[in-house]
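One structure is given below, represented as structure tokens, and several questions about it will come after.
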Amino acid sequence: QTVDCCGPATMSDDRAVTFDEAYRVRVLDADTYAQTVALSETARDFCDKVAQLRDTVGAVVNAVDKQAALCEREKLRAVGTRNLLAAEATRLRKDAAVKSAAARERRRTLERLSVEYESLLRVKSEQEALITRMSGGA
């Protein structure tokens, strides 16, 4: 069985082999070919815009990542500062409590020494009176 490659069995009615201005063989008619070329250019432009969008999105993501890292670093610094301030406040309260206890102890010591001093003054006064009586009555 032989097939005629140039006969109507291989060529459909809606397709025709034509030549363009540069004498290149075309299977599509000129309008369909022009639409195909226009669609190809539109698709290429779309791909270029998608690539440009990808680059822009990548740049935005990098910028957001940098800002997130900066925010995280500042947050950690703020937490550290807050912890330092809390520790300093605790240290000041402890120092105040220690100083208050020392002041109370010194007041007690002063009171005890004042009572002892008054007692010694009475003893001295009594001894001077005794010396005066003994020396005056002798």
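The values are calculated or read from the model by the stated rules, or taken from the named source; none is laboratory data. Bear in mind that the values here come from a model prediction, so they are computed numbers and not experimental data. Backbone-built Cβ (ideal geometry, glycine too); neighbour counts: all protein chains shown. For the accessible areas, the whole protein counts, side chains as well, though only heavy atoms, and no ligand, DNA or RNA atoms are used. Shrake-Rupley method; radii C 1.70, N 1.55, O 1.52, S 1.80 Å.
Would you pick out the residues in region 28-57 that are modelled with pLDDT under 95 and either aromatic (Phe, Trp, Tyr) or in contact with a helix residue (DSSP H, G or I) (Cβ under 8 Å, 6 or more places away or on another chain) (or both)?
Leu28, Tyr33
Which of the residues that make up region 73-95 are open to solvent by 90 Å² or more (accessible area, probe 1.4 Å) and of a type in the set (D, E, K, R)?
Arg73, Lys75, Arg77, Arg82, Arg91, Arg93, Lys94
Of Val25, Val60, which residue is under 60 Å from the mean Cα position of the chain (by Cα) and either open to solvent by 60 Å² or more (accessible area, probe 1.4 Å) or at pLDDT below 95 (or both)?
Criteria check complete, one pass: Val60.
Name the residue, out of Ser114, Ser135, Ser40, that is exposed (fewer than 10 other Cβ atoms within 10 Å of the Cβ) and of a type in the set (Ser, Thr, Tyr).
Just a single option satisfies the conditions, and that option is Ser135.
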